[in-house]
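S.K.: Sharing a structure here in structure tokens format.
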Amino acid sequence: MAMLINDYLQKETPWEILVIDDTRLNRAIVRKTLDRMNIAVTEAADGQEGLDILARRRFDLILVDIIMPNLDGFGFLERFKDHVRDEFIPVILMTGSDDLNSKIKGLSIGADDFLLKPLNEKELVARVNSLLKLKRAHDELFAKNLQIKKELEIAKKVQQFIIPKSFAQISYPTISGRYLPIEDIGGDYFDCYTLPDGSVGMLIADVTGHGIPAALVMSMSKMIFSIYAANIGSTSELLAAVNREMKGLLLDNQYITAFYVIYHPAENTIHFTNAGHTRALYFRKSKNAVLLLDTDGLFVGIADDANYGEKALRVEPGDRLFLYTDGISEVRNAENEEFGEGRIGAFMKARGDLHGDDFCEGLLAELQSFTSLDRRKDDIAFLSIEF
């Protein structure tokens, strides 16, 4: 037994254990054995007394007898979780019977291990060691999870700061959008730039994956896009430059899809390039028609020497350009139907009377009527650009 005690994972402050047993001798055996392990033992004579003590203090481990007056071990376990709630406190049931049904019942209502009475000191030490190590591992993991949650909250605030909520600084065209990540942080993003020659750059992009890895890549690529956008007036050349920069920064299973547009007011045209992203939709008001905008181009970050196409389109007053990520088009309803670009186009044609935020909220309402957005599996991001 000395070897087992010496192998025990030491703790700066004593572990706190509650032993609940109506037999004073059993409580004395537990106390005598665990005193040698830097463990502080508190005693209770029945389950109700044990619950009363738990209401005032917290313990690292509980040993509880099954058969006791007032409130037995099973009754204690049934009420125990209401006292500790989400806190993890392992419980060892002590029993004088090796009855399988009692063990099954105990495990089903919250016990973590069993000890057969009369108590064997070596077995007592071994089982207490095992569960206290489990307790320590759980508490360390819980603390790390709390730290991760705090860091995620910081990352969420950073992401909310760097993704624009308003495009009021751009007088024309009129731009509005929405970003709805499925987690606290995500990999979809959009951005708009007033370029040196007076033209306007508009970007939407989607990083593979979700959570912290996608958010980190999103932040890097967003910064690189903004740097190059100020110096490159061609949509295809900009995508090629960003691709070269991002190729060495992405993991093997990561890539970025992007659609970049430049509006040239002097020509009243848009130039656009698609890098493996969803096709943009363009509503031509004069013809009451929706055009699909697309070019050749690989995902960003896949190949060093990727080539990207570039096309141009003349714009007219009343037209609308819609850039979006596949979280909209690929969302499915209860019948496993995709919302699809067809439904987006139909909404653009039917609700051309909606402008700015009203259009964005109207589209989200249309999506919500199609399926519950709470159950979606991907981020949603889109820009509505009105000419």
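Where a number appears in this text, it was derived from the coordinates with a stated rule and is not lab data. What you see is a predicted model; the values in this text were computed from it and never measured. Neighbour counts run over all protein chains shown; Cβ positions are idealised from the backbone, glycine included.
S.K.: Taking the beta-carbon count within 10 Å as an exposure proxy, list R24, R351, R127 from fewest neighbours to most.
M.R.: Fewest-to-most Cβ neighbours within 10 Å comes out as R24, R351, R127.
S.K.: Name the residue farthest towards the positive end of the dipole of region 307-387 from the options N336, I380, F370, assuming +1 on Cβ of Lys and Arg, -1 on Cβ of Asp and Glu, about the Cα centre.
M.R.: Result: N336, furthest along the dipole toward the positive end.
S.K.: Given 0.36 nm per residue, what is the gain on full extension from K349 to Q169 after removing their alpha carbon distance, in nm?
M.R.: 62.1 nm
S.K.: Another one. Mind sorting out which of [x] 23.1; [y] 21.2; [z] 25.5 is the real Kirkwood radius over Cα pairs in Å computed from the coordinates?
M.R.: Structure-derived value, by its label: [z].
S.K.: Right, next: To make sure I understand, if each residue's beta carbon is the centre and we count other beta carbons within 10 Å, what order do I256, I104 fall in, fewest to most?
M.R.: I104, I256
S.K.: Hey, another quick one. Over region 308-387, what is the mean sequence separation of C-alpha contacts under 8 Å (at least six apart), divided by residue count, expressed as relative contact order in percent?
M.R.: 52
S.K.: For region 163-386, what are Rg and Dmax over the alpha carbons, in angstrom?
M.R.: Cα-based Rg and Dmax for region 163-386 come out at 16.5, 49 Å.
S.K.: Going 7 Å from the Cα of E338 along its beta-carbon direction, which residues of region 361-387 have the amide nitrogen within less than 20 Å of the resulting point?
M.R.: Within reach of a label on E338: 364, 366-383.
S.K.: Something else now. Which helices pass in the chain if a helix is a full DSSP H run, must span at least 15 angstrom along its long axis by Cα, and must have mean Kyte-Doolittle hydropathy not below 0.5? It would help to have the intermediate numbers written out before the result.
M.R.: On the way: long enough: 24-35 (16 Å, -0.58); 73-84 (16 Å, -0.25); 121-162 (61 Å, -0.41); 211-229 (26 Å, 1.36); 235-247 (18 Å, -0.24); 340-350 (16 Å, -0.03); 356-370 (22 Å, 0.15).
Result, helices passing both filters: 211-229.
S.K.: Still on this structure, I have one more. Could you tell me how far the Cα centroid of region 172-202 sits from the Cα centroid of region 207-250, in Å?
M.R.: Using only Cα atoms to place each centre, the spacing works out to 14 Å.
S.K.: Just want to confirm a number: the relative contact order over region 189-301, from Cα pairs under 8 angstrom separated by 6+ residues, in percent.
M.R.: Normalised by residue count, the contact order of region 189-301 is 26 percent.
S.K.: By the gyration tensor of its Cα atoms, with a ≥ b ≥ c the square roots of the eigenvalues, what is the shape of region 2-145: rounded for a/c under 1.5, prolate for a/b over b/c, or oblate?
M.R.: Judged from the Cα gyration tensor, region 2-145 comes out rounded (a/c under 1.5).
S.K.: Give the order of S199, S97, S384 when sorted by the count of other beta carbons within 10 angstrom, beginning with the fewest.
M.R.: S97, S199, S384
S.K.: Test of understanding: what is the full-extension gain from N231 to D374, defined as 0.36 nm times their sequence separation minus their Cα-Cα distance?
M.R.: 47.5 nm
S.K.: Between L134 and A55, what length comes free when the chain is fully extended (0.36 nm per residue of separation minus the Cα-Cα distance, one decimal in nm)?
M.R.: This chain segment gains 26.1 nm when fully extended.
S.K.: In deg cm²/dmol, rounded to 500, what helix-only [θ] at 222 nm does the chain give when every DSSP H run of at least 4 residues adds -39500 (n - 2.57) and the total is split over its residues? Mind dumping the intermediate values first?
M.R.: Working: 11 runs with 151 residues, N = 387.
It lands at -12500 deg cm²/dmol.
S.K.: Dipole of the chain, Cα-centred, from +1 at each Lys and Arg C-beta and -1 at each Asp and Glu C-beta, to the nearest 20 debye?
M.R.: 460
S.K.: Hey, can you rank 323-331, 362-370 by average C-beta count inside 10 Å, highest first?
M.R.: Descending mean neighbour count gives 323-331, 362-370.
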